[in-house]
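Undergrad: Below: one structure in structure tokens.
Quick note: the coordinates plus some simple rules give every number you see, no bench work behind them. For clarity, every value in this text was computed on a predicted model and none was experimentally measured. No Cβ is skipped: glycine too gets one built from the backbone with ideal geometry, and neighbour counts run over all protein chains shown.
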Ligand SMILES: Nc1ncnc2c1ncn2[C@@H]1O[C@H](COP(=O)(O)OP(=O)(O)OP(=O)(O)O)[C@@H](O)[C@H]1O
Ligand SMILES: [Mg+2]
């Protein structure tokens, strides 16, 4: 994977000319021209009106702050009711990478569903950039453990879907799609159908399909758990690079401690059902991170703390 | 000829060379033998099997064999049927019969598809549609198309219209039921995915629900094509003028026995052709779909 220097945090959308020159050896950077199509604030204005952009057009490039206030989510009613999560209070900064770590059934997917707008909180409220979340929208992209690509669309057809929904013309769609496919290493598979790809490739398509929308929030629900260890590592590194380029907030659900720490700025620990936040762990490992980071003493000490937390 | 060394290309994901090129003469022989086994053997077996059946039939008819309850004395031999076909093929009646049947199939089946697919999608997608539109369908569904014939004759001004209606009824329910099933069994996550990608209600329908239920719809169409033929032939026998079913029944009343079998064979061949056409359209419309395979 690429180890070239990150675009600095302050010029996330500036054209990366080096990338254009190095295209053959190391195809990368899609952000500039995507920025040209959609612009930094475009996700908010062109996406779902459910979480509309309240800031001015020349707002700072980073949007996507999240605020859970006393959120509780219950499924069903009466005796069969299941309290999935309770009393969730959590603030996520715009552009932050947060991992949510917890045992099976603790409500991690429920939280992702609430952020995506599929499940309304039964109690409390949930805000993205100060706006209450009411329904799904293209400003919040989701990637699941098992891909949900459209089987009847080619890789390119899947990736350009969001742009098509937004009314972007075909030539532009194709250009942007080609660029981002190049970026995730799938340029040659544009005409393939999802069923013809490996699991790792399918997840890369899922990621690309979400990123063309320039979501302010990237929601990932155990996206790499079905992949083998080596593939997972490559995907994690790719994700970190893309996160840097696209400057989006990421909420990453996992039950893998290493993965949670390796990726995140902050690990949120959730208790067994009904899920509540029992602690959080700031991750101070330097960025950009590569696979070697997991062997450092700092990483191991974070992991130990995490274990301690989870044991209670 | 191909360069042996791998070009250090920028396409690491593409698999290596162009595969084994030439191959020796012995290999070619083995390959020819393989092709013979794979293609010629099954074709030969099929041909022999069919030929044996024909010969058996010819013998039974020629010798006017009789086994008590089962008599072959009035069953025309295949050779007689062939002669009848030569006659029919020359006469303008042939085109007229086949053309009439085809037109009725296209009209009845086409109307059924045009109505059943949107109706099925509405019933499958919306609770209200299910509550209001499905009950009358469920009441009518168990009535075979053939049972409609007397009423159809009373309801429609011309025999032509009543026959198209019978064909329509025959095709309608299989298409409707398959479409409903296709919409209902569509992976909910795909609809959710389209919503998180910014799809509006219309796009959800056009981009997700329709293509997603297409395999099921095509299955319904091919079942519906079978029942449409079945219904049409019956209707033509009872109330028809022209049409291949009418021809078959007329041959019986006129005691042109070879023509009966000829009519039956033509009905079979036309039905087969129509089903094949549906399958072909299905494959063409769904290049991504391999039945029983890795579609998702
Ligand atoms: N649609 C639903 N209807 C009823 N109960 C549900 C529904 N979705 C989730 N639940 C319940 O909510 C609880 C939390 O489920 P959730 O899927 O969020 O857990 P999770 O943390 O994602 O688990 P895992 O790690 O196994 O994916 C579970 O007890 C589950 O039974
Ligand atoms: Mg889950």
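Undergrad: So if I take the centroid of the Cα atoms in region B:153-225 and the same for region B:34-102, what is the distance between those two points in Å?
TA: That distance is 38 Å.
Undergrad: To make sure I understand, if each residue's beta carbon is the centre and we count other beta carbons within 10 Å, what order do A:73, B:166 fall in, fewest to most? Mind showing how you got there, number by number?
TA: Working: A:73 24, B:166 29.
Neighbour counts put them in this order, fewest first: A:73, B:166.
Undergrad: Relative to a virtual label point 7 Å from the Cα of residue A:307 in the Cα→beta-carbon direction, which members of region A:82-108 show backbone nitrogen distances below 20 Å?
TA: Counting only backbone N, you get A:101-104.
Undergrad: How big is the Kirkwood radius of region B:184-296, worked out from every pair of different alpha carbons and given in Å to one decimal?
TA: Values: mean 1/r = 0.0586 Å⁻¹.
So the Kirkwood estimate lands at 17.1 Å.
Undergrad: Expressed as a whole percent, how much of the Cα-Cα distance distribution for region B:97-208 exceeds 23 Å? Don't skip to the answer; put the middle values down first.
TA: Values: 2555 of 6216 pairs.
Everything past 23 Å amounts to 41 percent.
Undergrad: Right, next: Hey, with R₀ at 45 Å, roughly what FRET efficiency would residue A:293 and residue A:198 work out to, going by the Cβ-Cβ distance, to 0.05? Intermediate values should be presented prior to the final figure.
TA: Numbers: r = 26 Å, r/R0 = 0.57.
Efficiency, rounded to the nearest 0.05: 0.95.
Undergrad: Quick one: what does P(r) look like for region B:78-288 with 10 Å bins over all Cα pairs, in whole %?
TA: With a bin width of 10 Å, the distribution comes to 9, 30, 28, 19, 10, 4, 1.
Undergrad: How big is region A:75-129 on each of its three principal axes, counting only the C-alpha atoms and giving the largest first in Å?
TA: Answer, in whole Å and largest first: 41, 24, 19 Å.
Undergrad: Kirkwood hydrodynamic radius, region A:127-220, all distinct C-alpha pairs: what's the number in Å? Mind showing how you got there, number by number?
TA: Numbers: mean 1/r = 0.0737 Å⁻¹.
Value: 13.6 Å, from the Cα pair sum.
Undergrad: For chain B, with a Gaussian network of springs between Cα atoms less than 10 Å apart, report the residue from B:255, B:241, B:37 with the top mean-square fluctuation.
TA: Answer for the Gaussian network model of chain B: B:37.
Undergrad: Another one. For chain B, what does -39500 (n - 2.57) per DSSP helix run (n ≥ 4), summed and divided by total residues, give at 222 nm, in deg cm²/dmol to the nearest 500? Show your work: numbers first, answer last.
TA: Numbers: 11 runs with 205 residues, N = 296.
Mean residue ellipticity at 222 nm (helix-derived): -23500 deg cm²/dmol.
Undergrad: Moving on to the next point. Taking the alpha-carbon set of region B:44-171, what are its Rg and Dmax in Å?
TA: Every Cα atom of region B:44-171 included, Rg and Dmax give 22.5, 65 Å.
Undergrad: Could you work out the mean count of beta carbons from other protein chains within 10 Å of each residue's beta carbon in A:151-162?
TA: Details: counts 11, 15, 4, 2, 0, 0, 2, 2, 0, 0, 8, 5.
Partner Cβ neighbours, averaged per residue: 4.
Undergrad: Can you work out D for region A:158-312 in µm² s⁻¹ from Stokes-Einstein, where Rh is the Kirkwood radius over C-alpha pairs, the temperature is 10 °C and the viscosity is 1.306 mPa s? Don't jump to the answer; show the numbers that get you there.
TA: On the way: Rh = 17.1 Å.
Value of D from the Cα-based Kirkwood radius: 93 µm²/s.
Undergrad: Given springs between every Cα pair under 10 Å in a Gaussian network model of chain B, which of B:76, B:215, B:135 has the largest fluctuation?
TA: B:135
Undergrad: Anyone know which of B:243, B:120, B:212 comes out most mobile in the 10 Å Cα GNM of chain B?
TA: Of the options given, B:212 has the highest mean-square fluctuation.
Undergrad: Same structure again: If we count other beta carbons within 10 Å of each Cβ, what is the order of B:91, B:61, fewest first? Don't skip to the answer; put the middle values down first.
TA: On the way: B:91 10, B:61 21.
Ranked by crowding around the Cβ, least crowded first: B:91, B:61.
Undergrad: Give the order of B:244, A:92, B:238 when sorted by the count of other beta carbons within 10 angstrom, beginning with the fewest. Before the final figure, lay out each step's value.
TA: Values: B:244 29, A:92 22, B:238 19.
The most exposed by this proxy come first: B:238, A:92, B:244.
Undergrad: To continue, here is another question. Any idea what the relative contact order of chain B is, in percent, if you count C-alpha pairs under 8 Å spaced at least 6 apart? Show your work: numbers first, answer last.
TA: Values: 291 pairs, mean separation 55.5, N = 296.
RCO, chain B: 19 percent.
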